[in-house]
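Asks: Provided herewith is a single structure, encoded as structure tokens, for subsequent inquiry.
Please treat every number below as a calculation from the coordinates, not as lab data. None of the values given here were measured: they were computed from a predicted structure. Using ideal geometry, Cβ is built from the backbone for each residue, glycine included, and neighbour counts are taken over all protein chains shown.
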Amino acid sequence: MLALIAGVYDVWRPRDVAPILTSTLKESTMLMFIIGMSLLFSYVMSYLHIS
């Protein structure tokens, strides 16, 4: 996986790859948080028979 990132972005030093991995982690965390909260919201709506 790291070799693919290094090949696509043409960076081979760890200090060049670190910002890419950091931004990837932030975006993945944000997406998982949105998905998790939407599942919780749908469960609560279903439990309260609001739908």
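Asks: In the chain, what residues are in contact with a Ser or Thr (Cβ under 9 Å, 6 or more places away or on another chain) and assigned to a helix (DSSP H, G or I)? First the steps, then the outcome.
Replies: Here is the first cut: in the chain, the residues in contact with a Ser or Thr (Cβ under 9 Å, 6 or more places away or on another chain) are 5, 42, 45, 51.
Correct list: I5, S42, M45.
Asks: To continue, here is another question. Which condition breaks for L4 when tested against (1) out of contact with any helix residue (DSSP H, G or I) (no Cβ under 7 Å at 6 or more places or on another chain); (2) surrounded by 10 or more Cβ atoms within 10 Å (Cβ to Cβ)?
Replies: Among (1) out of contact with any helix residue (DSSP H, G or I) (no Cβ under 7 Å at 6 or more places or on another chain); (2) surrounded by 10 or more Cβ atoms within 10 Å (Cβ to Cβ), L4 violates only (2).
Asks: List, please: which pairs have Cβ atoms under 9 Å, are six or more places apart or on different chains, and start with a residue in segment 20-42 that is within 19 Å of A6 (Cα to Cα) and end with one that is surrounded by 10 or more Cβ atoms within 10 Å (Cβ to Cβ) and among the aromatic types (F, W, Y)?
Replies: I20/Y9
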